[in-house]
Structures are given as C-alpha cells and as structure tokens.
Amino acid sequence: MTSRPSTADLRRRLAHVRWIAGGAGAGKSTVTRALAERHDVLVYDGDRAELGYVHRCDPQRQPYLWALLRTPREARWASRTAEEIFHAMPSLHGETFGFVLDDLLALPADRPVLVDDFRTLPREVAPLLTRPEHAVFLLPAPGFRARALGARFADPARARANWGDGDHAVALARRLARDRLWDEEVRRQAGELGLPVLPVDGSRSVADLAADLAAMFRLDQIT
C-alpha cells in the first residue's frame, strides 16, 4: 500500500474539489446533477464508487466494512437496533474516506469536481478545505426524508436489493431512525468546525438550491 500525501499536499491537490454531503434523502444527487448541467464539472458519485470499495476492503484497515459485507442483508437491519446499526457504520469510523481520497487523486484536475457522498463527515473534509464554504452538508427535515425514502423503496425490487427478503416496513423504520442519528452527528461536527449546514424541507426549488451552491462554491471562478 502506497502512502497517502500529507494533509497540506492533499489540500493543494484537491483545491478544485467541492463537497456535497449530509443526510440521506436530502436531494444531494438531484442538486449535484443540476449543477453539472450548468457548469463544466466532473461528478464523483459516492454511491456508485462504493461498489469499488468492496474489492479494496481489508479486514485490518476496514474491520467494520469487512464485517458488514459478510452480513446477510436481512440481518443488517432486522436483528439490530437503529443505534447498533448507526454505531456499526464503516463511515462513522472513517473507513471509507480513504477510498474517496484515492479516487479523487486519480481524477483529472483540469476542472471542478463535485463530490456527492453521503458517507463524508465534516471532521474528515475540514482539514482539506481552502475555504469552509467549499463543503456543504444537506440535512433533510424528517418528513421530507420519510417521503423521499418511502418513494425510493416503494419499488419492491429496490427494497429487496437493499434489505433482502425481510420485513421492509421494519427495515425502513430502522433506516429512518439510523439516519436521524447520522444527521445529529453531522450537525454536531459541522457546528464545531464552522462548516455550512443547509436544511432541506422541499420549500425551495432545486434550481434555487443549485444557484446558491454554485455561488458558494465559486464554480465560475475555478480554473
């Protein structure tokens, strides 16, 4: 395994990167797509990239991820409380951020890169920012998230792909409870580090949110 650059070097090499993280169901991918349609940017899709983490997972360096990958889908949600699921999240223990960094360093640096990644925590990205406004954490209102995830997993095939053949209603309830705990952790860290948090409740259009983020990220000024 090769050594990763120093924090100062990472900050310099990733100065063109902007981060859109936060809670599930907040519309991160939707607003990222809107930004990509209006600006000459690359998009790093954390959900797609996660498939590649599987092959790079090491039981010593990523024990939580290693254990999760070897747990049947039904057991991941049915046999544990939301608190247990939350505390077992690989990203809570910093196990996935290294994969993100390696992937970003391998991308071209000739234009902005937008990172759309649920797993990124404020404490991980803060040391790499040249300005606090280069990262934003979207946190959905509970009702907004419940509607978003309810619609997402209304498709039985999609629900089964995530939760196996167990009780999908129970799995969804535990997912929502786990995500509330994740939001609390993101909000706490962002507050301590002075990083922007953007509440999302559906009252603003995607176009308006994208315009605000484009200005915050200074996308038109990156060379």
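Quick check on segment 70-81. Is at least one of its residues touching a Lys or Arg at 6+ places or on another chain (Cβ under 6 Å) and either at negative phi or not in a helix (DSSP H, G or I) (or both)? There is at least one residue in segment 70-81 that is touching a Lys or Arg at 6+ places or on another chain (Cβ under 6 Å) and either at negative phi or not in a helix (DSSP H, G or I) (or both). Mind checking whether some residue in segment 121-133 is touching a Pro at 6+ places or on another chain (Cβ under 9 Å) and closer than 20 Å to residue 220 by Cβ? Checking segment 121-133: at least one residue is touching a Pro at 6+ places or on another chain (Cβ under 9 Å) and closer than 20 Å to residue 220 by Cβ. Taken over segment 66-124, the criterion of being β-branched (Val, Ile, Thr) and closer than 25 Å to residue 194 by Cβ is satisfied by 96, 100, 113, 115, 120.
Note on segment 19-59: among residues that are β-branched (Val, Ile, Thr) and assigned to a helix (DSSP H, G or I), the one that is farthest from the chain's Cα centre (by Cα) is 54.
Scanning segment 1-44 for residues that are open to solvent by 40 Å² or more (accessible area, probe 1.4 Å), of a type in the set (Val, Ile, Thr) and in contact (Cβ under 8 Å) with a residue 12 or more places away in the chain yields 7, 30, 43. Beta carbons closer than 8 Å, at least 6 apart along the sequence or on distinct chains, pair a first residue in segment 59-86 that is within 23 Å of residue 23 (Cα to Cα) and among the charged types (D, E, K, R) with a second that is assigned to a loop (DSSP other than H, G, I, E, B) and open to solvent by 60 Å² or more (accessible area, probe 1.4 Å) for 74/165.
Restricting 118, 99 to those that are within 17 Å of the chain's Cα centre (by Cα) and under 19 Å from residue 188 (Cα atoms) reduces the list to 118.
Checked against (1) under 14 Å from residue 25 (Cα atoms); (2) open to solvent by 50 Å² or more (accessible area, probe 1.4 Å); (3) touching a residue at least 12 places away in the same chain (Cβ under 8 Å); (4) over 19 Å from the mean Cα position of the chain (by Cα), residue 142 meets all criteria but (4).
Among the residues of segment 45-73, those that are open to solvent by 70 Å² or more (accessible area, probe 1.4 Å) and either at pLDDT 95 or above or not hydrophobic (A, V, I, L, M, F, W, C) (or both) comprise 47, 48, 50, 55, 56, 60, 61, 64, 66, 70, 72, 73.
Within segment 161-176, the set of residues being surrounded by 15 or more Cβ atoms within 10 Å (Cβ to Cβ) and either under 22 Å from the mean Cα position of the chain (by Cα) or part of a helix (DSSP H, G or I) (or both) comprises 162, 163, 168, 171, 172, 174, 175, 176.
If you check 33, 12, 18, 4, which single one turns out to be basic (Lys, Arg), more than 14 Å from residue 114 (Cα to Cα) and modelled with pLDDT of 95 or more?
Residue meeting the stated conditions: 12.
Residues considered: 151, 210. Of these, the only one that is of a type outside the set (Lys, Arg), more than 30 Å from residue 71 (Cα to Cα) and part of a helix (DSSP H, G or I) is 210.
The values are calculated or read from the model by the stated rules, or taken from the named source; none is laboratory data. These numbers were taken from a predicted model, which means no experiment stands behind them. Glycine gets a Cβ as well: all are built from the backbone with ideal geometry, and neighbour counts include every protein chain shown. Just the protein is used for accessible areas: all its heavy atoms, side chains included, with ligands, DNA and RNA removed. Shrake-Rupley method; radii C 1.70, N 1.55, O 1.52, S 1.80 Å.
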